[in-house]
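Read the structure below first, then the notes.
The values are calculated or read from the model by the stated rules, or taken from the named source; none is laboratory data. Remember, it's a predicted structure, so these values are computed and weren't measured experimentally. Note that we place each Cβ from the backbone using ideal geometry, even for glycine, and neighbour counts take in every protein chain shown. Surface areas here come from the heavy atoms of the whole protein model, side chains and all, with no ligands, DNA or RNA. Shrake-Rupley method; radii C 1.70, N 1.55, O 1.52, S 1.80 Å.
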Amino acid sequence: MTEGTVKRLVVTADDFGLSPEVNEAVEQAHREGILTAASLMVSAPAAADAVARARRLPSLRVGLHLVLVEAWPTLPPAELPDLAGPDGLLRADMAGLGLDLARRAGARRQLAAELTAQFEAYRATGLPLDHVNAHKHFHVHPLIAGAVLRIGRRYGMRALRVPREPRDVLRRAEPGARPRAALDSAPWAALLALRARRAGLLIPDRTLGLAWSGAMTPPRVAGLLAHLPDGLTELYTHPATGGGFPCEAPGYLYAEERDALIAPASLAAAAGVARGGFSDFS
């Protein structure tokens with residue numbers, strides 16, 4: 001980071017380890033484009049390949065993408081009867097799971113055990129822990145947030161994503177656009193920001209990629225970068241060389257998001273902005 005720089009940017013790829021297509025795009029976007037960080041799903045099918053690539057890319061800042069819904073748990077599903085479904089994957093009904101966490105002490109114990117297992121699995125990779133976030137931003141749930149803050153402290157967590165996206169930046173980036181509403185969780189995100197700051201964690205001033213999740217096309221990314229506010233911004237994406245892999249998100253423009261990270265317009269818009277991982281700005 002240059003002394004006196006006002007605009008600081010972390011460009012993150014989520015779902016690192018989900019598939020070879022995701023991993024290949026992460027490596028390409030880091031080598032050739034603006035990608036500075038990636039969030040690892042430690043129990044996804046291509047996690048070992050992701051770790052191997054990360055070791056070849058020492059300038060790529062890697063963090064933990066905690067998975068509590070719609071993917072593979074780290075513990076055996078039989079040990080997570082309240083969290084996992086009959087297919088062995090973590091449940092997809094976030095609202096129902098959130099209620100169960102509030103009502104059942106057993107569910108909260110399973111949550112803590114699974115979170116601990118994921119932090120342990122990340123530690124076993126030997127990669128420095130740049131940041132922590134969660135699949136579908138489920139860590140905004142107050143009970144999950146409390147567990148992440150408590151357990152993450154033991155594993156050296158220093159930075160946490162807080163999903164807050166200013167709508168005015170989106171409108172400037174794409175004039176006339178009416179981006180769909182992002183998470184209906186602004187109060188919970190505000191509470192998460194307060195708790196994270198009290199815990200001494202670094203959090204972004206804003207997170208870009210919520211309203212256009214899965215549709216961060218080259219024009220949109222270049223527009224967001226051209227209208228980047230002062231302060232620390234995280235811009236997160238879902239790049240892949242193509243779709244068709246297990247647990248992919250229907251309708252996501254994976255290849256376009258990869259292209260957005262290596263597009264000349266994005267490279268030009270990011271020029272002069274201090275870029276890195278969260279650990280580069282702590």
ALA190: passes all of (1) open to solvent by 10 Å² or more (accessible area, probe 1.4 Å); (2) touching an Asp or Glu at 6+ places or on another chain (Cβ under 9 Å); (3) assigned to a helix (DSSP H, G or I); (4) within 17 Å of ARG161 (Cβ to Cβ) but (2)
How many of the residues in the range 105-150 are farther than 15 Å from LEU68 by Cα and β-branched (Val, Ile, Thr)?
1
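Okay, residues lined up against (1) under 18 Å from the mean Cα position of the chain (by Cα); (2) under 17 Å from SER213 (Cα atoms); (3) without any contact (Cβ under 8 Å) to a residue 24 or more places away in the chain; (4) buried (at least 19 other Cβ atoms within 10 Å of the Cβ):
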site	(1), (2), (3), (4)
LEU149	yes, no, no, yes
ARG164	yes, yes, no, yes
ARG171	no, yes, yes, no
ALA177	no, yes, yes, no
ALA196	yes, no, no, yes
Can you tell which of THR116, THR74 is of a type in the set (Val, Ile, Thr), part of a helix (DSSP H, G or I) and on the phi < 0 side of the Ramachandran plot?
THR116
Evaluate the range 202-216: report whether one residue or more is part of a helix (DSSP H, G or I) and either in contact with a strand residue (DSSP E or B) (Cβ under 7 Å, 6 or more places away or on another chain) or surrounded by 16 or more Cβ atoms within 10 Å (Cβ to Cβ) (or both).
no
Kindly check whether there is at least one residue in the range 240-248 that is touching a helix residue (DSSP H, G or I) at 6+ places or on another chain (Cβ under 8 Å), open to solvent by less than 10 Å² (accessible area, probe 1.4 Å) and part of a strand (DSSP E or B).
no
Conditions (1) buried (at least 24 other Cβ atoms within 10 Å of the Cβ); (2) modelled with pLDDT under 95 -> ALA95 fails only (1)
Give me the residue from the range 99-111 that is in contact (Cβ under 8 Å) with a residue 12 or more places away in the chain and surrounded by fewer than 17 Cβ atoms within 10 Å (Cβ to Cβ) and, out of that set, nearest to ALA159 (Cα to Cα).
ALA102
Given the conditions (1) modelled with pLDDT under 95; (2) on the phi > 0 side of the Ramachandran plot; (3) loosely packed, with under 15 Cβ neighbours inside 10 Å, every one holds for GLY231 apart from (1)
Which pairs do you get when a residue that is farther than 9 Å from LEU261 by Cβ, found in the range 22-33, comes within reach of a residue that is part of a helix (DSSP H, G or I) and acidic (Asp, Glu), reach meaning Cβ atoms under 7 angstrom, with the pair 6+ apart or on two chains?
ASN23/ASP49
In the range 257-267, how many are open to solvent by 40 Å² or more (accessible area, probe 1.4 Å), more than 21 Å from the chain's Cα centre (by Cα) and over 14 Å from HIS227 (Cβ atoms)?
2
Cross-chain or 6+ apart pairs with Cβ under 8 Å, the range 1-16 first and modelled with pLDDT under 90, then surrounded by 14 or more Cβ atoms within 10 Å (Cβ to Cβ) and of a type in the set (Asp, Glu):
MET1/ASP280
Odd one out for PRO86 among (1) at pLDDT 95 or above; (2) exposed (fewer than 15 other Cβ atoms within 10 Å of the Cβ):
(1)
Matching residues, the range 11-46, being open to solvent by 10 Å² or more (accessible area, probe 1.4 Å) and assigned to a helix (DSSP H, G or I):
PRO20, GLU21, GLU24, GLU27, GLN28, HIS30, ARG31, GLU32
